[in-house]
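Step one of this worksheet: look at the structure below.
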Amino acid sequence: MEIDREKVLKILQEIKSIHLVAATKYLNVQQLYELEELGVKIFGENRVPSLLEKYEQYHGKGIFHMIGTLQVNKVRYIIDKVAMIHSVDSYKLIDEIDRQAKKHNLKMEILIQVNIAMEESKHGFLKEELSSVFTYLKSKENVIPKGLMIMAPHINSSDTEKYFIETENLQKELQKQFPMFNLNILSMGMSNDYEYAIKHGATHVRIGQALLKDSPK
Ligand SMILES: *Cc1c(COP(=O)(O)O)cnc(C)c1O
């Protein structure tokens, strides 16, 4: 049988375009340098105080993303320190990111968090709200929407797969509906399920525990 050159290139491209966002909540600054040496380029923090502390102490080449729930009144502390905010879950937060970005004369890349399994304990917009959210984003000059982020439910990995599929489909619909944006990022998949997420179009996997020795994952 012949090699399908186009397919090989496509697969290589697909794999190359997946970014590891190292979730840093279990890590100290020394370990950020250790990860950087191994080739990790993006550090994802989920709490503002820890992000500020690491940002101050770390002077390497890696960049920071905000991946955890962000309170509206904390945006101003991180706006000029992160390259992307994954966890945008309210109109108020969109407004504040836009306002602070304007103030700092920068454009902030954001992902819209979707509460894909409609869990009460989880943040994020419901999928029915997404059209309105992205329509709203058209008027926000200093915010650049790049795609979607989900936190999958804590169930076993094979059951999580349906949420990844659903998110990928949502992404495709939104790309059609909002061609003025470049919605090519899908931030999904963590230590216990990232292989499934990648299978269904994740471009950014956020991994913490699996980077550590003796972790259960
Ligand atoms: C901690 C964290 C992760 C990574 O979780 P692990 O199970 O440790 O891989 C991903 N996303 C967010 C928002 C987190 O807070």
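The values are calculated or read from the model by the stated rules, or taken from the named source; none is laboratory data. Here the structure is a predicted model, which is why all the values come from computation and not from measurement. Note that each Cβ is placed from the backbone with ideal geometry, even for glycine, and that neighbours are counted across all protein chains shown. For the accessible areas, the whole protein counts, side chains as well, though only heavy atoms, and no ligand, DNA or RNA atoms are used. Shrake-Rupley method; radii C 1.70, N 1.55, O 1.52, S 1.80 Å.
Whole-Hz Karplus ³J(HN,Hα) for the range 137-154, in order, using 6.51 cos²θ - 1.76 cosθ + 1.60 and θ = phi - 60°, x for Gly and Pro?
Those phi angles translate into 5, 4, 8, 9, 5, 9, 10, 10, x, 10, x, 10, 9, 9, 10, 6, x, 7 Hz.
Using alpha-carbon positions, what is the distance between the centroids of the range 40-72 and the range 157-217, in Å?
Answer, in whole Å: 20.
Could you work out what % of the accessible surface of the chain is carbon and sulfur, using a 1.4 angstrom probe and leaving DNA, RNA and ligands out of the count?
Of the solvent-accessible surface of the chain, carbon and sulfur hold 51 percent.
Rounded, prolate or oblate for the range 1-141? Axes are the square roots of the Cα gyration tensor eigenvalues, ordered a ≥ b ≥ c, and the cut-off for rounded is a/c under 1.5.
oblate
Output wanted: per-residue J couplings in Hz (rounded whole) for the range 112-124, from phi through Karplus 6.51 cos²θ - 1.76 cosθ + 1.60, θ = phi - 60°, x for Gly and Pro.
8, 7, 10, 7, 5, 9, 6, 8, 5, 7, 9, 7, x
With each pseudo-label sitting 7 Å past Cα toward Cβ, what's the Val8-Asn182 distance in nm, one decimal?
With each label point 7 Å from Cα toward Cβ, the separation is 2.9 nm.
Between the range 77-154 and the range 5-28, what is the separation of their alpha carbon centroids in Å?
So the two Cα centres are separated by 22 Å.
Tally Lys and Arg at +1 and Asp and Glu at -1 over the other residues with C-beta under 10 Å from the C-beta of Pro145: what net charge comes out? Could the numbers behind the result be given before it?
Details: positive: Lys138, Lys140, Lys146; negative: Glu109.
Every neighbour counted, the sum reads +2.
Find the relative contact order for the chain and round it to a whole percent, using C-alpha pairs within less than 8 Å whose residues are 6+ positions apart.
With pairs under 8 Å counted, the relative contact order is 17 percent.
If you count only protein heavy atoms and use a 1.4 Å probe, how large is the accessible surface of Glu173, to the nearest 10 Å²?
Here the residue's solvent-accessible area equals roughly 110 Å².
Hey, rough spin-label estimate for His59 and Ala83, points 7 angstrom out along Cα→Cβ, what's it come to in nanometres?
Taking the two extended label points, one gets 2.0 nm.
What is the extension gain from Ala210 to Glu36, computed as 0.36 nm multiplied by their sequence separation minus the C-alpha to C-alpha distance, in nm to one decimal?
61.0 nm
Roughly what would the spin-label model give for Asn105 and Gln71, points 7 Å off Cα along C-beta, in nm?
About 3.1 nm, to one decimal.
For the range 93-124, which trypsin sites (Lys or Arg not before Pro) are in a loop by DSSP, counting at most 15 other Cβ atoms within 10 Å?
On the way: sites: Arg99, Lys102, Lys103, Lys107, Lys122; in loops: Lys107, Lys122.
Those that pass, being in a loop and sparsely packed, are Lys107.
So what is the calculated 222 nm ellipticity per residue for the chain, using -39500 (n - 2.57) for each DSSP H run with n of 4 or more, over all residues, to the nearest 500 deg cm²/dmol?
-11500 deg cm²/dmol
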